[in-house]
Every structure is written in C-alpha cells, then in structure tokens.
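Written below as structure tokens is the structure these notes are about.
The values are calculated or read from the model by the stated rules, or taken from the named source; none is laboratory data. As the structure is a computational prediction, the values presented were derived from the model and not from experiment. Because the Cβ atoms are built from the backbone with ideal geometry, glycine has one as well, and the counts that use them run over all protein chains shown.
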Amino acid sequence: MSLIARATALLAVLLVCGAAAAAEFMLEEVASLGSVGVAQLKPKVIAFTDHRKDDLADPATGLIRFEDWARVRPVQKQLLSLYPGYVEPIVDVTHDGVTKPHIEKLQIYVAEARFLVSRPPAAIDLARYVSLPFLERIDPAITQKQITQADLLPPREIDPSVYRHPDRAWCEPRPNLICIQSHYQLEGKLPVGIRLVNKLTDGEKKVAEYLEFQSELRLLQPNEIDQVALVKMTGINSPVTGALEQNIFYVNQILRFGKFLAVLQQHPTDADKTVVSAYVALAIKAKVLENRKEYESVPILRNLVPAQVLVGNSSFNSGNSISAGLPAYARNQIKAVAGIMEK
C-alpha cells in the first residue's frame, strides 16, 4: 500500500472513531429528574439519578427498604415492581431443623434517567427492540438465548402466588414479546473470591460464580399503557407514545426480581423530538446484605462483603457489567439504550 493510501485509510479510521465518539451519550448526575425540566435537557446528555444519597436510602449502601419505597413512592412501586400488587414474598426458613414461613425482606436499587432522541415518536419503531440482538448490544457480557413458556423454571423457596403475575402468565405467546434465558459469568477477581467464600464459610448453600436469570422483554400494547400513572411518574405533561419493558422474574441468587422500563413521550414543545424516561429497578434480598459479620471475621474476605460488592465499593469489582456493581451496571445499560435509540 502506498503512503498516500495508508494516510487515507488512517484518516478514514480517525473519522469513523470521531463520529462514534461524538454520538456517544454522556451522563449528568442530578438530584432528581423532577429538578430537570424538559427544556433543560441537552442533546446526547442523560440526566441520571439513583437516589443513593436520598434521606430514604441506607447511607452505607444507597439502597431503599422495599416497604419504605412502597410507602413514599407508591407510583414507582406500582410501575417498577414485578407487577402492581407485588409484595415481599413468603419464604420457608429452616432453623435448628424447624422450617417456618417468613416474610423475605427486600431492598431496592432504583435508577432513573431521561434523555432526548432527535426523532419524533412516530419514527421510533419500538417493536424492533423486542429482540435478542437488542439485549446483546446493551450488554455483550451476558449470554442470551430465546426460550418458550415451557422452559420457565418453577419457583422453589417462595410462595408461587407472589412469583406469578395475577393478570397474565409470564412469556405467554403474544405479539412483540420474547422470553429469555440469560447467563452472566462473574468477571475479574470475583470468581476467585467466591471460591474462597465457599471454602472458608459455613453456609449450606454455596455461592455460584455466575448469575442466571429468566425474563420477558415486551412492548406494551396501547391498552396496557396507564397514561395517568406513567405521566405522574415521569413528571412530563405529554402523552405517552410507547413503553418497552423487561421483567426479570427468576434469578438464581442475590436478586429477587428486576425491571427495566423505557417510557417514550412526545416532546411538549418540539414535535421532531422524543423524550425518553428510563428506569432500572432491582430487588435485592436483605439477607444477602446482612451477611457482613461472617465475611468481616475473615481478613481475606473483608473486601467481599456482599453489600460493598453490589454497590461497587469493593476492590473485587471490575468490568462494565454486573461485576462492576449495580450503580455502574445501571449507568452503562441506560447509556447503551440511549445510543441504540438515537441511532
């Protein structure tokens, strides 16, 4: 290749990389989405908050007790729980050989974000995002495969009535809905740390080096969109034109459920733009967070205290996915979704 050809090729690469960098969204931390009016939203900038410094949150973890969340933010609880009437589940707990039912306490991590898409709502085909390639682009570290309703894992230690959606069956065949089996192998030093935990602690149930979860990804039908509740949650007085959600209803450990919800609304003053409000809600078993003394008593495990790992405050955190901690994971997920929708 001649010198001129090489220079031309290099210039082309630089231009492509520059265009990609220019298209990438940036995060701007805000106290609350309510403090950011639509007029204050900037192109390619995501207004983001995960309420970790709120008075309601635990100062050590930034997580919120499920019961406090339901009491103080009932609209969020209605729309971001596994289903509107969801309550903390009943689990069987065995102590000294006696098994009794107990309410499983949960703590919630909630992230909220808002960004602009430089296209009108009618030009955004949400149905195209109900696909495995969409999920793979959001987080390539998670392996995804499509399954059917017959492949769903039955609930084991929880009351089945809490697991099931009261109005419909999970993954029932319908347009613009897919059922997914996901597998995430923990990254970095976490697998080594987990092996140490399993070797040095007395827990009967061993910690897995992976997360496995089942979910459904779907486009809400027009008759399923609660305009009043969604407008109240987003705080934007504009019609909701579409909503995309992923419900995670089974996880092999740590989490009880998860939800991702993207709400699209017509920009109130600019018909050529769409306002997207995106939410990530993850319910963590409080019992996992309480396993502090067991870890702190072993010097080599002190950086593996579950609460620290989950919120990204451990030297064992790494990467851009779940192993980085929930706050980093939520930020990267929302940035990826914003980039996909903009393109």
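So the values come out like this:
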| item | result |
| --- | --- |
| Subset of the stretch 97-147 (residues that are among the polar types (S, T, N, Q) and either more than 28 Å from LEU326 (Cα to Cα) or touching a Lys or Arg at 6+ places or on another chain (Cβ under 7 Å) (or both)) | THR99, GLN107, SER118 |
| Out of ALA262, ALA283, ALA271, sole residue that is assigned to a loop (DSSP other than H, G, I, E, B) and either surrounded by fewer than 19 Cβ atoms within 10 Å (Cβ to Cβ) or not polar (S, T, N, Q) (or both) | ALA271 |
| Qualifying positions in the stretch 246-259 - assigned to a strand (DSSP E or B) and either over 12 Å from the mean Cα position of the chain (by Cα) or surrounded by fewer than 20 Cβ atoms within 10 Å (Cβ to Cβ) (or both) | PHE249, TYR250, VAL251, ARG256 |
| Residue in the stretch 74-86 that is over 22 Å from LEU255 (Cβ atoms), modelled with pLDDT of 95 or more and among the β-branched types (Val, Ile, Thr) present | yes |
| Failed condition for LYS206, given (1) closer than 18 Å to GLN78 by Cα; (2) without any contact (Cβ under 8 Å) to a residue 40 or more places away in the chain | (1) |
| Residue among GLY258, GLY242 that alone is out of contact with any Cys (no Cβ under 8 Å at 6 or more places or on another chain) and over 18 Å from ALA122 (Cα atoms) | GLY258 |
| Residue tally, condition modelled with pLDDT of 90 or more and not in a helix (DSSP H, G or I), over the stretch 286-325 | 12 |
| Residues satisfying the stated conditions in the stretch 128-181, i.e. acidic (Asp, Glu), within 16 Å of ILE248 (Cβ to Cβ) and in contact with a helix residue (DSSP H, G or I) (Cβ under 7 Å, 6 or more places away or on another chain) | ASP139 |
| The stretch 76-92: number of residues that are surrounded by 14 or more Cβ atoms within 10 Å (Cβ to Cβ) and not in a loop (DSSP other than H, G, I, E, B) | 7 |
| In the stretch 316-331, residue surrounded by the most Cβ atoms within 10 Å (Cβ to Cβ) [restricted to those that are closer than 14 Å to PRO191 by Cα and among the small types (Gly, Ala, Ser)] | SER323 |
| Condition broken by GLU136, with the remaining ones in (1) touching a residue at least 40 places away in the same chain (Cβ under 8 Å); (2) surrounded by fewer than 19 Cβ atoms within 10 Å (Cβ to Cβ); (3) closer than 16 Å to PHE260 by Cα satisfied | (1) |
| Filtered residues of the stretch 306-315 (kept if buried (at least 19 other Cβ atoms within 10 Å of the Cβ) and in contact (Cβ under 8 Å) with a residue 12 or more places away in the chain) | PRO306, ALA307, VAL309, LEU310, VAL311 |
| The lone exception for GLY242 - which of (1) within 17 Å of LEU153 (Cα to Cα); (2) part of a strand (DSSP E or B) it fails | (1) |
| Tabulated pairs, the stretch 32-50, first at positive phi, second hydrophobic (A, V, I, L, M, F, W, C), C-beta under 6 angstrom, 6+ apart or interchain | LYS44/PHE25 |
| Positions within the stretch 139-190 being of a type in the set (Phe, Trp, Tyr) and either out of contact with any Cys (no Cβ under 8 Å at 6 or more places or on another chain) or surrounded by fewer than 17 Cβ atoms within 10 Å (Cβ to Cβ) (or both), in sequence order | TYR163, TYR184 |
| In the stretch 31-60, residue farthest from ARG71 (Cα to Cα) [restricted to those that are at pLDDT below 95 and of a type in the set (Ser, Thr, Tyr)] | SER35 |
